[in-house]
Each structure stands twice: as C-alpha cells, then as structure tokens.
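The structure appears right after this line, and notes come after that.
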Amino acid sequence: MEQKRKVVPPVYFLISLIFMTALYYLLPVVKVILFPYAYAGILFIVFGLTIMLIAVGAFSRAKTPIIPFERSTALVVEGMYQFTRNPMYLGMVLVLTGAGVLFGVVSAFLPIPFFIWGITANFIRGEERFLEDIFGEVYVAYKQKVRRWV
C-alpha cells in the first residue's frame, strides 16, 4: 500500500493558482483575451467546480474515501465517472483554465501543464495501480472503457 501523503492534490491546485496569479502580475506576457471576453473564464470555473462537487458526491454516496491512497471500499463508475476516470482532477484543470482566461495573458496558462503532469505523475498513476490491486479485472475493464482525462 502507498505511504500516506502529506501533500494532497488541492495543495498542487492552490500552488498552481498562486503561480498563475504571480505570473499575471509579475510577468504578464501578451494579453490574448480582452475584456469582456475574459469573463468567459467564469464559465470554466463554474463548470469545473460543478464537476468536482458531483464527483465528490458520488464518492460520498458510495461511502468510499476521497483522499488519495486511502483504501477504497467501492469502485465508482457512474455519473461523471462514465466519461473520465478523474473528474475531480479534471474539474481542477477547468478551474485553472478559467482563471487563465480571466487573467487573459499567455503567461498565466503556463502552470496548467505542470499541474497536469504533477497530478498524473504523483497521484493518478499510483491510484490506478492501487485500484487495480483492490478491484482487479473489474478496474482493468473500466480503465479500458473510460479515458484517464477525457
């Protein structure tokens, strides 16, 4: 079993958001989305938060832990999990994208690929191995049917 982690995905999310904000104020490279179009970022943020809340609700209804690498008691494959194996992480990416759109500068988008890489490398791959150990062929079949991100 994986060792309990002190840094959980929301910390990666907040660090990314802080870097995006810093890049916006300290290094605003090329304004690409102007007012009022930048307000479209709010739609991404609302959509991302909605996806995360729905995914958390699905875990709650299944009575399985939301914290990565705590022993899962159920494999959630309904709702958002029919379209992506990681709706909570996808929701975080959408919120970050929305923030980038609101900022409207190219440099604010730079942390997003690093967030995706960090989450994939430090959480998703390990979670996949963990779930495969717990749920075996049922999880392998789910993994073959539903994509990691979208």
### Query
Could you count how many residues in the range 70-87 are more than 18 Å from residue 12 (Cα to Cα) and in a helix (DSSP H, G or I)?
4
### Task
Within the range 39-69, count every residue that is in contact (Cβ under 8 Å) with a residue 24 or more places away in the chain and either assigned to a loop (DSSP other than H, G, I, E, B) or in contact with a strand residue (DSSP E or B) (Cβ under 9 Å, 6 or more places away or on another chain) (or both).
3
### Message
If the requirement is being closer than 25 Å to residue 131 by Cβ and touching a residue at least 12 places away in the same chain (Cβ under 8 Å), which of these qualifies: 29, 101, 77?
### Response
77
### Query
Which residue, of 114, 123, is surrounded by fewer than 18 Cβ atoms within 10 Å (Cβ to Cβ) and of a type in the set (Phe, Trp, Tyr)?
114
#### Entry: Matching residues in the range 69-102 - criterion: being charged (D, E, K, R) and modelled with pLDDT under 95
70, 71, 78
### Query
Which condition number does residue 113 fail, the rest of (1) over 22 Å from residue 30 (Cβ atoms); (2) part of a helix (DSSP H, G or I); (3) not hydrophobic (A, V, I, L, M, F, W, C) being met?
(1)
### Message
Between 53, 27, which is modelled with pLDDT of 95 or more and either on the phi < 0 side of the Ramachandran plot or basic (Lys, Arg) (or both)?
### Response
53
### Summary
Taking the range 129-150 and the residues there that are under 15 Å from the mean Cα position of the chain (by Cα) and modelled with pLDDT of 95 or more, the one that is nearest to residue 64 (Cα to Cα) would be 148
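From 68, 36, grab the single residue that is at negative phi and touching a Pro at 6+ places or on another chain (Cβ under 8 Å).
So the residue among 68, 36 that is at negative phi and touching a Pro at 6+ places or on another chain (Cβ under 8 Å) is 68.
The values are calculated or read from the model by the stated rules, or taken from the named source; none is laboratory data. Quick caveat: nothing in here was measured; it's all calculated off a predicted structure. Positions of Cβ are backbone-derived with ideal geometry, glycine not excepted, and every protein chain shown enters the neighbour counts.
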